[in-house]
Amino acid sequence: MAATFFGEVVKAPCRAGTEDEEEEEEEEGRREMPEDREVRQQLARKREVRLLRRQTKTSLEVSLLEKYPCSKFIIAIGNNAVAFLSSFVMNSGVWEEVGCAKLWNEWCRTADTTHLSSTEAFCGFYHLKSNPSVFLCQCSCYVAEDQQYQWLEKVFGSCPRKNMQITILTCRHVTDYKTLESTGSLPSPFLKALKTQNFKDPACCPLLEQPNIVHDLPAAVLSYCQVWKIPAILYLCYTDVMKLDLITVEAFKPILSTRSLKSLVKNIPQSTEILKKLMTTNEIQSNIYT
């Protein structure tokens, strides 16, 4: 029994019956209907990450780096990082495409395409013809959280080699950078680096300070390398422009002096001109649809 504010006496409700009913409802919720299971399995299959050979469009039976020996692997994630590698690295040598990733999620729907063209291949893998152990990945698509481990398994394999060096390039918005200063006063864009314990070369920029963290596929690759004791470094460009932007792309230029990229770049002035042409072409294409 309980007294209300106005003084009348009322019966307190008994919880025993309602708790039993709640448990029954929870059990019913846990019981998966066959059609629900089928839908879930179909969705899981649809979200599988596949690595295809470019020439035959067939899936690779083993991981990419198990099939091809690799000493150096440069991974560009995001439009600005991809544009930087395209202009300064890929135009300095002859690169051969060895495969592409095919995946489907909320932001990337390449799996609906039977034959991927160079513009539709959101995640392509290349090696240098003059030195096939040097690999490059251009990934301009979003790899969802539940697909990141699949991507790592398909690229690195379950027992990766430790005698290679990984360089990762990506961007984040400057508002993600945690500092006591106002982000408005920061000289955006700017570079920060984060490396694994086994990476011994000096970074070309200051290291990322705590409590800053990295996100998405770059974080997954760096964590994977840390666990497997693979030397790896992430160069993170903080910028206030996340779309393709000339100033943001050029902010990666200090990386050209590092040991990983120094030998791969031949003519920086020529590459800068190629970058400007790429930006102009992109601007024209953007204006067509606006």
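Roughly speaking, what is the stretch gain from residue 97 to residue 59, that is 0.36 nm per residue apart minus the C-alpha to C-alpha distance, in nm to one decimal?
12.2 nm
Distance between the C-alpha centers of segment 56-82 and segment 234-256? Whole Å please.
22 Å
Sorted by packing (mean other beta-carbon atoms within 10 Å per residue), highest first, where do 125-136, 166-177 land?
Descending packing order for the listed peptides: 166-177, 125-136.
What lysines could a cross-link reach from residue 192, if we take a straight Cα to Cα line under 18 Å and drop same-chain neighbours fewer than 8 places away?
178, 200, 253
How much accessible surface area, in Å² rounded to 10, belongs to the heavy atoms of residue 164 with a 1.4 Å probe?
Near enough 10 Å² of accessible area.
Please compute the net charge surrounding residue 237, taking Lys and Arg as +1 and Asp and Glu as -1 over other residues with Cβ under 9 Å from its Cβ.
Residues close to residue 237 contribute a combined charge of +2.
How large is the dipole of segment 125-258 about the Cα centre if only Lys and Arg carry +1 and Asp and Glu carry -1, each at its Cβ, rounded to the nearest 20 debye? Before the final figure, lay out each step's value.
Working: 12 positive and 11 negative charges, 119 e Å.
About 580 debye.
Considering only protein heavy atoms and a 1.4 Å probe, what is the carbon-and-sulfur percentage of the accessible area of segment 151-247?
Working: 2660 of 4730 Å².
Carbon with sulfur: 56 percent of the solvent-accessible area.
Give the long-range amide H neighbours of residue 98: residues separated by 5 or more places, or on another chain, with amide H under 5 Å away, using H modelled in the peptide plane at 1.01 Å from N.
Amide H neighbours of residue 98: 125, 126, 127.
Quickly work out the residue 197-to-residue 266 label distance, labels modelled 7 Å from Cα along the C-beta direction, and quote it in nm with one decimal.
Reported label-point gap for residue 266 and residue 197 is 4.1 nm.
How far, in nm, would the chain grow between residue 158 and residue 145 when pulled straight, counting 0.36 nm per residue and subtracting the alpha carbon separation?
2.8 nm
The values are calculated or read from the model by the stated rules, or taken from the named source; none is laboratory data. Everything numeric here is computed off the predicted structure, so don't read it as measured data. All Cβ positions, glycine included, derive from the backbone under ideal geometry; neighbour counts span all protein chains shown. Accessible surface areas use protein heavy atoms only, side chains included; no ligands, DNA or RNA. Shrake-Rupley method; radii C 1.70, N 1.55, O 1.52, S 1.80 Å.
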